[in-house]
Structure formats: structure tokens, C-alpha cells
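The values are calculated or read from the model by the stated rules, or taken from the named source; none is laboratory data. It should be emphasised that the depicted structure is a prediction, and the values quoted were computed from it without experimental measurement. Glycine gets a Cβ as well: all are built from the backbone with ideal geometry, and neighbour counts include every protein chain shown.
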Amino acid sequence: MTKSSGVDQSKSKIVLLLHRWKQINVGITEAANEDKDNVKYLFTLKPLIEPLYSGTVHSIIDTLPALLNSLKVSRRWLLGVAT
């Protein structure tokens, strides 16, 4: 093996490793962004869900339509994304 072919092999390995690292980095970034979106969505549901635990019957009745609508909209969005 010549010095030149050894250097070429090393460069090829480095290029492959960098390519793999970039793929992993993109995957992690996409997952982190999706998780941030999920957290934002859950925080928007929090005011609608809290009355179910600590509210009166009237406050629960008042928040149920908004909660159900929010869940319905998110379900439609998820089904649209999945197809």
C-alpha cells in the first residue's frame, strides 16, 4: 500500500463519517423541533384541561366545547400529515 492510497482511504472514511454525522444531526434536529411543537400544543390544551380536575360542573361544561374542538382540529391535522 502506498502512502497516497492510505491517505485516500483515510479521506474516504472521514467523508463517510461526516456524511453519517450530518444525517444523524438532521434527524436529531427534526425530532427536537417536533418535540418543541408538541410541547407548545400541550401547553395550549392546559387551560382547557385544568377545569376537568379542579373546576365546577359549570366550568367543565363551558370548556368542553373548546377542548373537543381543539382535539378534533389536531386529529384532522395529524391525519392529514400522516397521509
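For Arg76, are the conditions met, namely being part of a helix (DSSP H, G or I) and either modelled with pLDDT under 85 or among the aromatic types (Phe, Trp, Tyr) (or both)? Spelling it out, Arg76 is indeed part of a helix (DSSP H, G or I) and either modelled with pLDDT under 85 or among the aromatic types (Phe, Trp, Tyr) (or both).
Pairing residues of region 29-51 that are closer than 17 Å to Ser74 by Cβ and at pLDDT 90 or above with residues that are surrounded by 10 or more Cβ atoms within 10 Å (Cβ to Cβ) and β-branched (Val, Ile, Thr), at Cβ distances under 9 Å and at least 6 apart in sequence or on separate chains, gives Pro47/Thr63; Leu48/Thr63; Ile49/Thr63. Within region 33-60, the set of residues being surrounded by fewer than 10 Cβ atoms within 10 Å (Cβ to Cβ) and small (Gly, Ala, Ser) comprises Ser54 only.
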